[in-house]
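K.L.:
Mind looking over this structure? Questions follow.
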């Protein structure tokens, strides 16, 4: 489960932090590592190889579904505009 509070993440037995840990892991670190890969540094070796700007899951899906996402978004905006303008 992600720690979304501002409290430090707790690791190890009885919630104590592991020795040598300088900062908590941010959800964005995990997200970008999982999406774009890592491996260049000791701290990123748990992720698949780095792909540059290509991505593994999210961005390829957005590129593939872009036209559909765009059409659905524009339809929703149009419905809102019709509703607030009192149109048909």
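Bear in mind that the values in this text are calculations on the coordinates, not laboratory data. What you are looking at is a predicted structure, and each value in this text was computed from that prediction instead of being measured. Note that each Cβ is placed from the backbone with ideal geometry, even for glycine, and that neighbours are counted across all protein chains shown.
K.L.:
Between residue 68 and residue 56, what is the label-point separation in nm under the 7 Å Cα-to-beta-carbon projection?
P.N.:
About 2.3 nm, to one decimal.
K.L.:
Test of understanding: ordering 69, 84 by Cβ neighbours within 10 Å, fewest first, what list do you get?
P.N.:
Going from least to most buried by this count: 84, 69.
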